[in-house]
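Following: one structure in structure tokens, then a few remarks.
The values are calculated or read from the model by the stated rules, or taken from the named source; none is laboratory data. Model, not experiment: these values are computed from the prediction. All Cβ positions, glycine included, derive from the backbone under ideal geometry; neighbour counts span all protein chains shown. Keep in mind that these areas ignore ligands, DNA and RNA; they rest on the heavy atoms of the full protein, side chains included. Shrake-Rupley method; radii C 1.70, N 1.55, O 1.52, S 1.80 Å.
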Amino acid sequence: MNLRVYEVISGLLVSLSLATVVCAQKTDANKFAVIINGAGGEPAYAKQFDQWTTDLQSALSNRYGFGAQQLKVVPHATADDVKRTFAQLKSQLDANNVLFVFLIGHGSFDGKESKFNLVGPDLSAGEYNALLSALPTKRIVVFNMSSASGEFVKSLSAKGRIIVTATRSGQETNATRFPGFFINALNASDADTDQDGHVSVLEAFVYANRLTADFYARAGRLATEHALLEDNGDGVGHEKAEAGEGLLARATWLDSLSLEEATANATSAKLLKERTRLEGEIEQLIARKREMSETEYEAALEKLFIELAKINRSIKQAGT
């Protein structure tokens, strides 16, 4: 290989050491979030729910601009803990705030009433609706990621609300995988599918839904959970954006990026996608080396390395 190719490779190796960094977000005083960690039951589930709670808190605070004063975590919650938390929110929120509520744990449905399991007496979907309705803000996003959570859609549906459930009915009672995949969506570099620089509720929902379905497909198992989204107030959830569903979720961002920051994120995402493409082409070229003459191979490899070096330089300049 000639000297020029070696020089390009040397520069490339330095460039490839750059890591992807999401735009640092300022704390958004307009956004509030509550993570309610319910009764774990068996030790394995309790450990998993605690881990998901920690991971979700980290993603919201470190990546999405939820400040310490705006992010409440209620571990191993009792009904009194939940009521106390909403009482505090009632005095903190105003009509312009956005509230995100995350339920992590088990759920139940007795054929009439759906509940989220707490330590001690549970609270029903109707009781959560009363707590939400008493708040000054109507801009509320609820992620009930528990088993049997689908019935919450009917009870919580209202104008201005977005309801996401991990299951499509109260009959899907197995422990859910959706929470872990939702957290993956929050941390993923490719969750921003429309490449506008923001991660919307709809994008995170679709991403997590896809990962959940893929999990069951790869395992060769019948899916025991099918997440729903409802955001038009009709009380009917859907597994994808259809029938007028998804418009509010598409326009509601989890992040707090300014227009300039979002634009920078979108530009960086395109550069990273191009880098991945070029790296794939280099791998394919190396695999075909024996089929090519040395001169042809070196020329093609040098061209790709030069393109990749340019992309990495652009990524570095963009601060990604």
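Tell me, how many Å apart are the Cα centres for region 79-138 and for region 202-258?
21
Carbon and sulfur atoms: what percent of the 1.4 Å accessible area of the chain do they account for?
It is 52 percent, rounded to a whole number.
I want to check the label-to-label distance for GLU296 and ALA241. Put each point 7 Å from Cα in the C-beta direction and report it in nm to one decimal.
4.5
Need one number: nm distance between label points at ALA158 and THR193, each 7 Å from Cα along Cα→Cβ, rounded to one decimal.
2.9
If the chain between ALA223 and ARG277 were fully stretched, how many nm would it gain, using 0.36 nm times the residue separation less the Cα-Cα distance?
Extending this stretch completely gives an extra 16.2 nm.
Using the alpha-carbon atoms, what tilt in degrees (0 to 90, nearest 10) does helix 201-219 show relative to the longest principal axis of the chain?
80
What whole-number value in Å² describes the accessible area per residue of the chain for a 1.4 Å probe?
49
On a straight-distance basis, which aspartates and glutamates could pair with LYS240 in a cross-link, Cα separation under 16 angstrom, same-chain partners fewer than 8 positions away excluded?
In chain and number order, the partners are ASP194, GLU203, ASP214, GLU225, GLU230, ASP231.
With unit charges on the beta carbons (Lys and Arg positive, Asp and Glu negative) and the dipole taken about the Cα centre of the chain, which residue among ALA166, LEU93, GLY41 sits farthest to the positive side?
Farthest towards the positive end: LEU93.
Would you calculate the convex hull of the Cα atoms in the chain and tell me its volume per residue in Å³? Intermediate results must be reported in sequence, preceding the final value.
Working: hull volume 49.9 nm³, N = 320.
Each residue corresponds to 156 Å³ of Cα convex hull volume.
At what distance in nm do the modelled label points of ASN174 and ALA87 sit from each other, each positioned 7 Å from its Cα along Cα→Cβ?
For ASN174 paired with ALA87, the spin-label model returns 4.1 nm.
Listed here are the pairs LYS273/LYS303; LYS90/LYS112; LYS72/LYS115; LYS31/LYS112; LYS115/LYS138; which of them are more than 24 Å apart at the Cα?
In this structure, LYS90/LYS112; LYS31/LYS112 exceed 24 Å between Cα atoms.
Excluding TYR207 itself, calculate the net charge of residues whose Cβ lies under 10 Å from the Cβ of TYR207, where each Lys or Arg counts +1 and each Asp or Glu counts -1. Please list the in-between numbers first.
Details: positive: ARG210; negative: ASP190, ASP192, GLU203.
Summing Lys/Arg as +1 and Asp/Glu as -1 gives -2.
Measure nothing fancy, just the Cα-based angle from helix 259-287's long axis to the longest principal axis of the chain, in degrees from 0 to 90, nearest 10.
Taking the Cα atoms of the chain, the angle to 259-287 is about 50 degrees.
On a 0 to 90 degree scale, rounded to 10, what angle separates helix 79-92 from the longest Cα axis of the chain?
So the inclination is approximately 70 degrees.
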